[in-house]
């Protein structure tokens, strides 16, 4: 389906732990969504004519939290909403950051219907790690890589 783990050490480690039955469940994502808003030309800001919003709903520590955030794109907005929701339960999440983001089309003959692979590199106090997401929806593949990174 397009998953390769040679460049996605963290996703591979999570997969192995899952298959062994010892993957801890620190949180459960209930839902997420992202939207991009096109601004009228007279309301454009120096950053461009689009803005993104995202909302993440998750349960951790027996409590549900819903976090909405804006960003300069849908992945940025999802990253802020996700980390903001998790930080209420795990404050060290605030020290993590996305440092690289790569997208590759896997079946280029399909045009906008192509499957994409997203590699996301994150960094924190313990080092850097890379996660992978795959799908025909770029935002969903990005979310998959983002969720693994936390």
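Values in this text are rule-based calculations from the coordinates and carry no lab data. Computed from a predicted structure; not experimentally measured. Neighbour counts run over all protein chains shown; Cβ positions are idealised from the backbone, glycine included.
Tell me the label-point distance for the pair residue 72, residue 33, using the 7 Å Cα-to-Cβ offset, in nm and rounded to one decimal.
The modelled label-to-label distance comes out at 2.7 nm.
Using only alpha carbon pairs under 8 Å that are at least six residues apart, calculate the relative contact order of segment 27-89 and give it in whole percent.
This gives 31 percent for segment 27-89.
Given a 10 angstrom Cα cut-off, can you work out which residue in 28, 55, 140 is the most mobile in a GNM of the chain?
Answer for the Gaussian network model of the chain: 28.
Give me Rg over Rh for segment 27-89, both radii from the alpha carbons and Rh done the Kirkwood way, two decimal places. Display every interim value, and only then the final one.
Numbers: Rg = 13.5 Å, Rh = 12.2 Å.
In segment 27-89, Rg relative to Rh is 1.11.
With runs of 4+ DSSP H residues as the only contributors, calculate the mean residue ellipticity of the chain at 222 nm using -39,500 (n - 2.57) per run, divided by the residue total and rounded to the nearest 500.
Helix contribution divided over all residues of the chain: -7500 deg cm²/dmol.
When only C-alpha pairs under 8 Å and at least 6 residues apart count, what is the relative contact order of the chain, in percent?
Working: 298 pairs, mean separation 31.9, N = 150.
Dividing the mean separation by the residue count of the chain yields 21 percent.
Report the percentage of all Cα-Cα pairs in the chain whose separation exceeds 24 Å, rounded to a whole percent. Before the final figure, lay out the partial values.
On the way: 4137 of 11175 pairs.
That fraction is 37 percent.
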